[in-house]
Amino acid sequence: MIKNFINRVKNLVEQNKEIIKQTTVPDVCEEKTIKEKVEYIKKCNQEEVKSIEEKIQEPLTEEDKEYIKEIKIKRGQSIKAIDVYTKEPQIFKTHKECSKKLKIPVQYIQENLKYGYTDYLGEAINYLSKELKLSGEEDINYLENTKTPSQILSLLNNKIFTTKMSESKRDEILCSEKIEPIKMHYTFECIDEEYDDYFKKYKSIIKRGGKKKIELVDKKGEVIEIFKSLDECATFINKEKNEVVYMLKHNDTKVGRNEIRYSLRNI
């Protein structure tokens, strides 16, 4: 009798265990599943919002693209070098790093980026400018000139015959290998996504004239001062107005431990 009672109790315990398993475990699983679904929905919504923002973002004009390319060349930040023969790409953090690793002049990189030339004309231009002892406008950095490198080199080649010098000196220049363009071993592509983001954020301010509000912010991005004009900002940080314009234009905005930025607040 007692033995039967004990067996019945054991059976009840076992049945309760099964009931607990059937009721509590699925509940936990269900809760976990719901949480996962919520997180999934949130993720989908975020991706959808991002997709919509990208679609409604004002597309870049050809003028915008040329402007961005010009600034990126001057900034000299991240770049891809592609071997002309093997097509192998290499990524560098800066133009200077690329120049050092590949043992080529920075102008070599800039010339290809700006004009797309497959021949490097810079060495010939620099050599002739020095040998012909040019001054004034012709002595300006050829990449900042209003003429293209090919136009400049053509003018310099003509000057070999029109500039006053001894015949021996003229022969020395004409026989030099340095007057010949150098076949490029690499082509280059700007990356510098940081400036892409900067331009998209401040495009409307960069492109318009008139007064522009400037903010001085700390490392955390908290505003320290707000300036109603570029002049006011320049005076405060003790720089010339054109320096401030250059800093903001090229996103080179560090001022000691702080930095300046265009203000998106209404003037």
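Each value in this text was obtained by applying a stated rule to the coordinates, not by laboratory testing. Please read all numbers here as calculations on a predicted model, not as lab measurements. Note: ideal-geometry Cβ built from the backbone for every residue, glycine included; neighbour counts use all protein chains shown.
Under a 5 Å amide H cut-off, with hydrogens placed 1.01 Å from N, residue 229 pairs with 214 among residues at least 5 apart or on other chains. Distance between the C-alpha centres of the range 81-130 and the range 142-165: 20 Å, rounded to the whole angstrom. Rounded to the nearest 0.05, what FRET efficiency do residue 204 and residue 96 give with R0 = 45 Å and r taken as the Cβ-Cβ distance? Could you check? Using R0 = 45 Å, I get an efficiency of 0.90.
In order along the range 203-211, phi translates into HN-Hα couplings of 3, 4, 6, 4, 7, 8, x, x, 5 Hz, rounded to whole numbers, per the Karplus curve 6.51 cos²θ - 1.76 cosθ + 1.60 with θ = phi - 60° and x for Gly and Pro. Just so you know, the Cα atoms of the range 86-199 work out to an Rg and Dmax of 16.6, 56 Å. In order along the range 185-199, phi translates into HN-Hα couplings of 9, 9, 10, 9, 9, 5, 10, 6, 5, 4, 6, 4, 5, 4, 5 Hz, rounded to whole numbers, per the Karplus curve 6.51 cos²θ - 1.76 cosθ + 1.60 with θ = phi - 60° and x for Gly and Pro.
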